[in-house]
Amino acid sequence: MSLVGRLEDLALPDIFQIINLSKKTGTLVVRSEKGTGIIVFRSGKVVQAATDAVRETLGSILLATRVTTEDVLAEALARQKESEQLLGQVLIEMGAVSPDTISYVVRRQIEEIVFSLLTWTEGFFDFELGEVDLKDQIKFNTNEFLLPAGLDPQYLIMEGTRRLDERMRGEGAAAPVRATVDEAVPTPTLGASSRSQSAAAWVGAEGARLASLKSMFQELRLPSATAEVSLLVLRVASEVVNRAVLFLVRGDEVVGLGAFGVELSDGEPGDERVRRIRIPLREDSIFTYVVERKQAFKGTLRVNVRNAYLVDALGGMTPSEVLVIPMLCEGKAALILYGDNLPDDGPIGSTEALEIFVGQAGLAMEKALLERRIADLKRRIAGGEKPQESESRGIGESGNG
């Protein structure tokens, strides 16, 4: 995976979402008139950050915050030179600073750097798999600011956006904060269509693909388009597979919603056949498999009664490979995307972009559901109705659709 482009085309919050959802390990380099920034990801989490605009060392921060003294720091630096350990580890072994204190200072430093980088809206970015020595990009030692446990990019985006929003309101700015991918959206109407339009396949260096992915993310977050979330998913899927079907998880069964590319020999419209498909989750099938594991499946269909029923319902041809992706909402599968390459027999290509987009659609639906419940609860309270105990405790409980 290589992700290269301009911040004007794909904002840093969106880049964070892509890397986080795909759980990639790599180094993101951002360059603009403000300088150069580096963010290191491990399995989708931020473990290190640096910018040439911030040159504080761990020692200087510990001194400024009076965590340690100059004498203790001088001794630690001397020991570090002999042992080649990180300064924080030396101070911990000396008993001068607790491990929690070092972790806290490192975490705060990473947060502040990331928050500052999230304000950059112009420039260029380059994400490469694998770890890069930051000294090749930033001309001073940044190894002290490494947090092995990592920070959740979702938290960094939300907190960074909140801070920027507060700062802009404080300055009287009228311009809106740049939106993140999982910005508030209404609950979509789960319709269906057989249309197949061009959409993003995978994010590469080509500007056209970046623009396509950005366009899909924007449609997902815009109120005028979020009623067609299911259509957006099918549009993205159309670049990955020859045909796809979207299923709703309703109670203990999956129900067909809509599709593209399903052509039947008897002349019946594919959409109509799809809407009659019902597969119980209590019986073994590919849908039961992905619902229980909450993970995408790419491979050959197992031979069982319900999978055979699915094949027959979609025209009777057995695909050599299928792709099945659950869309999670509040921790449960709400929708399931099924795809294959029939009538061709070729393998399915890269599916990472599609999996990322389905994940983002689930986040949008989840947030929309929560906001709808909050609004409903407020209306009932305003009308004098006392909320039930379960509602006052939390609003995050829901079924599978």
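Any read-out appearing in this document is the output of simple, stated calculations on the displayed coordinates, not a laboratory observation. Predicted, not measured: the structure shown is a model, and the values here were computed from it. All Cβ positions, even for glycine, are placed from backbone atoms using ideal geometry, and neighbour counts span all protein chains on display.
Summary table below
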| quantity | calculated |
| --- | --- |
| Residue-count net charge about residue 23 - beta-carbon cut-off 11 Å; Lys, Arg +1, Asp, Glu -1 | +1 |
| Neighbourhood charge, 13 Å Cβ-Cβ cut-off, centred on residue 305 and excluding it, Lys, Arg +1 and Asp, Glu -1 | 0 |
| Prolate/oblate/rounded call for the stretch 207-369, Cα gyration tensor, a/c under 1.5 rounded | prolate |
| Estimated inter-spin distance, residue 52 and residue 119, nm [label 7 Å along Cα→Cβ] | 2.0 nm |
| Contact order relative to length of the stretch 207-369, as percent, for alpha carbon pairs under 8 angstrom and 6 or more apart | 23 percent |
| Ranked by how many other beta carbons lie within 10 Å on average, peptides 283-293, 63-73 from highest | 283-293, 63-73 |
| Cut-off under 5 Å, modelled amide H: who pairs with residue 49 long-range | 40 |
| Cβ crowding within 10 Å averaged over residues, with 374-383, 348-357 ranked highest first | 348-357, 374-383 |
| Nearest-20 debye value, the stretch 2-170 charge dipole, Cβ charges on Lys, Arg, Asp, Glu | 280 debye |
| Normalised contact order of the stretch 2-170, rounded percent, pairs of Cα under 8 Å and 6 or more residues apart | 37 percent |
| Residue 344 versus residue 155: modelled label distance in nm, points set 7 Å from Cα along the beta carbon direction | 4.4 nm |
| Share of pairwise Cα separations in the stretch 1-78, more than 18 Å, in percent | 55 percent |
| Whole-Å distance, taken between Cα centres, linking the stretch 266-344 and the stretch 1-58 | 37 Å |
| For peptides 238-248, 258-268, sequence by mean Cβ density within 10 Å, most packed first | 238-248, 258-268 |
| Label-point separation, residue 32 to residue 66 (7 Å along Cα→Cβ), nm | 3.6 nm |
| Surrounding net charge for residue 318, when Lys and Arg each add one and Asp and Glu each subtract one, Cβ distance under 12 Å | -3 |
| Among the listed pairs 34/367; 23/367; 24/81; 23/81, those beyond 25 Å (Cα-Cα) | 34/367; 24/81; 23/81 |
